[in-house]
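K.L.:
Take this structure, written in structure tokens, and hold onto it; I'll ask about it next.
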Amino acid sequence: MGGGYSKEQGSHPKPADAWAGNGEAAGTGDDADLPADRGEKVAVLGLDGAGKSRLLDLLTGRDEFPVASKDAPYTRYTAPAGAAGKQLDFWVASGFSKHRVHWEVVAAGAPYMIFVLNACDCLRLPLAWVELVSRANQHSPRKLLVFVTRSAAPGSGPVATRDVLHACMAFAPLGNVPWASFDVNLSAPKEELLATVKAAVAWLTRSEPPQE
């Protein structure tokens, strides 16, 4: 899946046939300048530092994991059709507080949603969960994929346990959105990380049989 991905970012110059998130247009709520979807839209949300850029860059085949720009409200990754025959259009929202107003544009009309929770960010984990529930219940995606990330890097902080997550779920329950969570150790070998991310995205886009 890696070779055919392209990455565009709102702060970068772009040719006429390319598009990236334009913060000014998104901030006004004016959809006139927003392009038609290229493939099925996947909204990727999460607070700053959760690991969104790294997870998506893994799928692009990049060897470096650049930090998301503080100037770009959202970034777009276009992926070619995979085994499921679906081209995916990842809209990755900046998690910085000043950019969260743009999450509405990123999530609007997306049949799939990915939310990345940082298990090492214990102080903000309840905030992140409430943001997740709010966006998922508001936009009702076809499926919701939750990545729970952690890192063994120095200074990454203690890791929240599943009990903490369950407490968040009890405080602010999700609605009827089908969802699944995947634990991701960002310090794991690249091959292991890539396998986990691919398996998660495969679940997200897999067509489920209708329930009788």
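K.L.:
Restricting to the stretch 115-132, give me the number of residues that are under 12 Å from the mean Cα position of the chain (by Cα) and in a loop (DSSP other than H, G, I, E, B).
P.N.:
Counting residues in the stretch 115-132 that are under 12 Å from the mean Cα position of the chain (by Cα) and in a loop (DSSP other than H, G, I, E, B) gives 0.
A quick yes/no check of all residues on (1) modelled with pLDDT of 90 or more; (2) assigned to a loop (DSSP other than H, G, I, E, B):
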position	(1), (2)
Pro35	no, yes
Leu56	no, no
Val67	no, yes
Asp71	no, yes
Thr78	no, no
Arg100	yes, no
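K.L.:
Same structure, new question: Using the structure shown, decide if Ala172 is more than 15 Å from Ala50 (Cβ to Cβ), modelled with pLDDT under 85 and surrounded by 12 or more Cβ atoms within 10 Å (Cβ to Cβ).
P.N.:
yes
K.L.:
Just checking, does the stretch 138-146 include any residue being surrounded by fewer than 21 Cβ atoms within 10 Å (Cβ to Cβ) and in a strand (DSSP E or B)?
P.N.:
Yes, that holds for at least one residue.
K.L.:
For the stretch 183-198, enumerate the residues that are open to solvent by 50 Å² or more (accessible area, probe 1.4 Å) and either of a type in the set (A, V, I, L, M, F, W, C) or assigned to a strand (DSSP E or B) (or both).
P.N.:
Result: Asp183, Ala195.
K.L.:
Could you tell me whether Asp48 is out of contact with any helix residue (DSSP H, G or I) (no Cβ under 7 Å at 6 or more places or on another chain), modelled with pLDDT of 85 or more and either within 20 Å of Pro141 (Cβ to Cβ) or assigned to a loop (DSSP other than H, G, I, E, B) (or both)?
P.N.:
When the stated conditions are applied, Asp48 passes them.
The values are calculated or read from the model by the stated rules, or taken from the named source; none is laboratory data. Being a predicted model, the structure only gives us computed values, none of them experimental. Positions of Cβ are backbone-derived with ideal geometry, glycine not excepted, and every protein chain shown enters the neighbour counts. Calculation scope for accessible area: heavy atoms of the full protein, side chains included, ligands and nucleic acids excluded. Shrake-Rupley method; radii C 1.70, N 1.55, O 1.52, S 1.80 Å.
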